[in-house]
Amino acid sequence: MGIHIPFEWETILTQSTQHTNTQYCCDLCGGSNFEIISKYDRHKKPLNTGLCQGCGLVMHVPMPSEDEISAYYAKDYRRDYHGESKPSPRRIMRAWNNGQRILKQIKPLISQPCRVFEVGAGIGCTVKSFEEAGFDASGIEPNTDFNSYTQGVLHAHVDNINLYDLEADQSRDVVLLIHVIEHFVSPKRALMHMRGLIKNDGLLYVECPNVSAPFATFGRLFHFAHTYNFTHNTLIHLAKIAGFDVVKRFTDEGNPDIQILFKKMPVPENIERDEQEAKHCHDAIFRYNWLTYNLRADYLLRRIIKLKSYVKEYMQAGHFVKELEARFKL
Ligand SMILES: [Zn+2]
């Protein structure tokens, strides 16, 4: 099934790979000088991806509006990327195991009793994992496709509420943002709003793809749903602007995932910009061609591990989900 792209991107493109226009403003540094590093998405449809020359942030150029993104998620996202409107046993098993990993990873760094809140909770497996471990856990999820499963089967406290409709009551100890920050129209606005949800000295845990790893061959790196692509440096820079400082990084720069725990701090008056990040990011993205990307030893190892987990999911998912659902049956 194809991806619905609500824009005519080709009209934006020029012959030059350098694009300077004040209406295209970098969310991180406010700059408008972008190197266009890709003109197509992973399905070979026109999609302009720019690398900000001021700070290294990689983003759609121009950025779609909030309404256009909302319309895309409301209708197309789940079906475009997963071809399903109810979660399959394999998806549930994967989401559950991922929730358990995140719980194990950050539990030693948070104290109980504690209110954990997930923004973009998906099926609700991470929220349910934290609830089972004794936390006061809840979340929000804009997509409604899986709501009935989340609420009716998992009994996870996940509501269909927009982030920006939540009151800045500074009531949560920990906010989780798992593979969500790369989807916002303005991640800076999103983080600033999330700051209002978190207690002073509270924590923010973020996971997202690492564009400098990279996590896919160049031709498959970009797609409409990922409005931004981060490196460790650009994510940390953005978090600092929103008043969050690093507590712990769980992955290194060669890992295709960024996983960082931040702590809420006073918003600094001035953040120094890393002049080298644009070059660092460019060099990292272009350092492999298709062959060298696929021949990397760590890539091959990850593929083998992934394939093994797919086989395991295929063999065990049905039974696994049956047992999980039986556990939560009222
Ligand atoms: Zn920038």
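Among the residues of the range 283-304, is there at least one that is open to solvent by 80 Å² or more (accessible area, probe 1.4 Å), under 30 Å from Asn200 (Cα atoms) and in contact (Cβ under 8 Å) with a residue 24 or more places away in the chain?
No: the range 283-304 contains no residue that is open to solvent by 80 Å² or more (accessible area, probe 1.4 Å), under 30 Å from Asn200 (Cα atoms) and in contact (Cβ under 8 Å) with a residue 24 or more places away in the chain.
How about the range 251-267: which of its residues are open to solvent by 50 Å² or more (accessible area, probe 1.4 Å) and in contact (Cβ under 8 Å) with a residue 24 or more places away in the chain?
Matches in the range 251-267: Glu253, Lys263, Val267.
Considering only the range 48-67, state which residues are of a type outside the set (S, T, N, Q) and either in a strand (DSSP E or B) or within 12 Å of the ligand (Cβ to nearest atom) (or both).
Those that are of a type outside the set (S, T, N, Q) and either in a strand (DSSP E or B) or within 12 Å of the ligand (Cβ to nearest atom) (or both): Gly50, Leu51, Cys52, Gly54, Cys55, Gly56, Leu57, Val58, Met59, His60, Val61.
Here is a check on your reading of the model: is Asp201 in contact (Cβ under 8 Å) with a residue 60 or more places away in the chain and either closer than 27 Å to Asp67 by Cα or not in a strand (DSSP E or B) (or both)?
So Asp201 fails the test.
Let me confirm something: among Val247, Val206, which residue is of a type in the set (Val, Ile, Thr), in a strand (DSSP E or B) and more than 27 Å from Leu301 (Cβ to Cβ)?
Val247
Tally time: how many residues in the range 225-250 are surrounded by fewer than 18 Cβ atoms within 10 Å (Cβ to Cβ) and more than 15 Å from Arg195 (Cα to Cα)?
5
Can you list residue pairs whose Cβ atoms sit under 7 Å apart, with the first residue in the range 35-58 being over 14 Å from Ser212 (Cβ atoms) and in contact (Cβ under 8 Å) with a residue 40 or more places away in the chain and the second being among the basic types (Lys, Arg) and within 11 Å of the ligand (Cβ to nearest atom)? Count only pairs 6 or more apart in sequence or on different chains.
Hits for this filter: Gly54/Arg273.
Mind listing whichever residues of the range 133-158 are open to solvent by 60 Å² or more (accessible area, probe 1.4 Å) and at pLDDT 95 or above?
Within the range 133-158, Asp136, His157 meet the criteria.
How about the range 141-160: which of its residues are in a helix (DSSP H, G or I) and hydroxyl-bearing (Ser, Thr, Tyr)?
Ser148, Tyr149, Thr150
For the range 10-45, how many residues are within 21 Å of His282 (Cβ to Cβ) and modelled with pLDDT under 50?
10
Can you name the number of the only condition in (1) buried (at least 23 other Cβ atoms within 10 Å of the Cβ); (2) touching a Gly at 6+ places or on another chain (Cβ under 7 Å); (3) under 16 Å from Leu238 (Cα atoms) that Met194 fails?
That leaves (2) as the condition not met.
The values are calculated or read from the model by the stated rules, or taken from the named source; none is laboratory data. Remember, it's a predicted structure, so these values are computed and weren't measured experimentally. Counting neighbours? That spans all protein chains shown, and the Cβs are built from the backbone with ideal geometry, glycine included. Heavy atoms of the whole protein, side chains included, go into the accessibility calculation; ligands, DNA and RNA do not. Shrake-Rupley method; radii C 1.70, N 1.55, O 1.52, S 1.80 Å.
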